[in-house]
Ligand SMILES: *[C@@H]1O[C@H](CO)[C@@H](O)[C@H](O)[C@H]1NC(C)=O
Ligand SMILES: *[C@@H]1O[C@H](CO)[C@@H](O)[C@H](O)[C@H]1NC(C)=O
């Protein structure tokens, strides 16, 4: 083969490569809207006895994973999720919030400020299986501060990455 023919062959192979690469199908999961929720509390709530916090104002509930009746987020897909929560205690009050994955304790936020309002927050990244439940529960003598015009207590979560084996 002459040098020119080699160049032509290489050129054709390179073009074929570009066509193959650009024609490769996109991963299906990029077409799915990722589940995400963000909710807040518009009322005072006594969560002293392991009461699940039922955040009642829905800012976003993409995929409807969060249930305002129970305060529970149910994972629609296997994957890696980020959860964030923040809360304000009543005047001179205490707050102990615990984040659970099903019956498994994960993390807490605590605040107490004498003669004032204490606030606390926390965040966590966890892997979930479809159907796993994540929620926030209180203990101690916790009363959360909330009002329709004073939404200090919030809970948010979203899917960061689909599990690599998830076919959804
Ligand atoms: C919260 O509830 C607990 C028990 O259910 C009760 O002992 C406590 O007094 C209540 N706190 C407030 C501030 O209502
Ligand atoms: C909170 O939710 C969990 C998960 O569904 C449940 O097991 C638990 O009994 C609930 N706690 C209360 C006080 O309802």
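For segment 51-107, which fully contained strands (runs of 3 or more DSSP E) count at least 3 residues that are under 24 Å from residue 117 (Cβ atoms) and within 15 Å of the chain's Cα centre (by Cα)?
The qualifying strands (runs of 3 or more DSSP E) are 79-88.
Is it the case that some residue within segment 26-43 is within 16 Å of ligand 1 (Cβ to nearest atom), modelled with pLDDT under 95 and either at positive phi or over 17 Å from the mean Cα position of the chain (by Cα) (or both)?
Of all residues in segment 26-43, those within 16 Å of ligand 1 (Cβ to nearest atom) come to 41, 43.
Adding the requirement that they be modelled with pLDDT under 95 leaves none.
No, because not a single residue in segment 26-43 is within 16 Å of ligand 1 (Cβ to nearest atom), modelled with pLDDT under 95 and either at positive phi or over 17 Å from the mean Cα position of the chain (by Cα) (or both).
Do any residues in segment 110-134 that are under 16 Å from residue 76 (Cα atoms) and at pLDDT below 95 have Cβ atoms under 7 Å from those of residues that are outside any loop (DSSP other than H, G, I, E, B) and away from ligand 2 (no atom under 16 Å from the Cβ), where the two are at least six apart or on different chains, and which pairs are they?
Short answer, once both residue conditions are applied: none.
Which count do you get for residues in segment 84-114 that are on the phi > 0 side of the Ramachandran plot and within 16 Å of ligand 1 (Cβ to nearest atom)?
Qualifying residue count, segment 84-114: 1.
Can you give me the number of residues within segment 115-136 that are surrounded by 19 or more Cβ atoms within 10 Å (Cβ to Cβ) and closer than 18 Å to residue 50 by Cα? Outline the logic, then answer.
The initial filter retains those residues of segment 115-136 that are surrounded by 19 or more Cβ atoms within 10 Å (Cβ to Cβ), namely 118, 128, 134-136.
So of that shortlist, the ones also closer than 18 Å to residue 50 by Cα come out as 134-136.
Number of matching residues: 3.
Do you know which of the residues in segment 83-105 that are surrounded by fewer than 15 Cβ atoms within 10 Å (Cβ to Cβ) and either in contact with a strand residue (DSSP E or B) (Cβ under 9 Å, 6 or more places away or on another chain) or free of Cβ contacts under 8 Å to residues at least 12 places away in the same chain (or both) is farthest from residue 61 (Cα to Cα)?
Initially, segment 83-105 is screened for residues surrounded by fewer than 15 Cβ atoms within 10 Å (Cβ to Cβ), giving 91-92, 102-105.
Now restrict to residues that are either in contact with a strand residue (DSSP E or B) (Cβ under 9 Å, 6 or more places away or on another chain) or free of Cβ contacts under 8 Å to residues at least 12 places away in the same chain (or both): 92, 102-105.
Details: 92: 33, 102: 20, 103: 23, 104: 24, 105: 24 Å.
The residue in question is 92.
Do you know which residues across segment 139-168 are closer than 18 Å to residue 92 by Cα and either exposed (fewer than 15 other Cβ atoms within 10 Å of the Cβ) or modelled with pLDDT under 95 (or both)?
Step one: filter segment 139-168 for residues closer than 18 Å to residue 92 by Cα, giving 139-147, 150, 152-153.
Of everything in segment 139-168, those that are closer than 18 Å to residue 92 by Cα and either exposed (fewer than 15 other Cβ atoms within 10 Å of the Cβ) or modelled with pLDDT under 95 (or both) turn out to be 139, 140, 141, 142, 143, 147, 150.
Regarding segment 142-158, can at least one residue be identified that is over 14 Å from residue 73 (Cβ atoms), out of contact with any strand residue (DSSP E or B) (no Cβ under 9 Å at 6 or more places or on another chain) and not in a loop (DSSP other than H, G, I, E, B)? Give the derivation first.
Of all residues in segment 142-158, those over 14 Å from residue 73 (Cβ atoms) come to 142-153.
If we keep only those that are out of contact with any strand residue (DSSP E or B) (no Cβ under 9 Å at 6 or more places or on another chain) as well, we get 147, 149.
Now restrict to residues that are not in a loop (DSSP other than H, G, I, E, B): 147.
Yes, segment 142-158 has at least one match.
The values are calculated or read from the model by the stated rules, or taken from the named source; none is laboratory data. Bear in mind that the values here come from a model prediction, so they are computed numbers and not experimental data. Note that each Cβ is placed from the backbone with ideal geometry, even for glycine, and that neighbours are counted across all protein chains shown.
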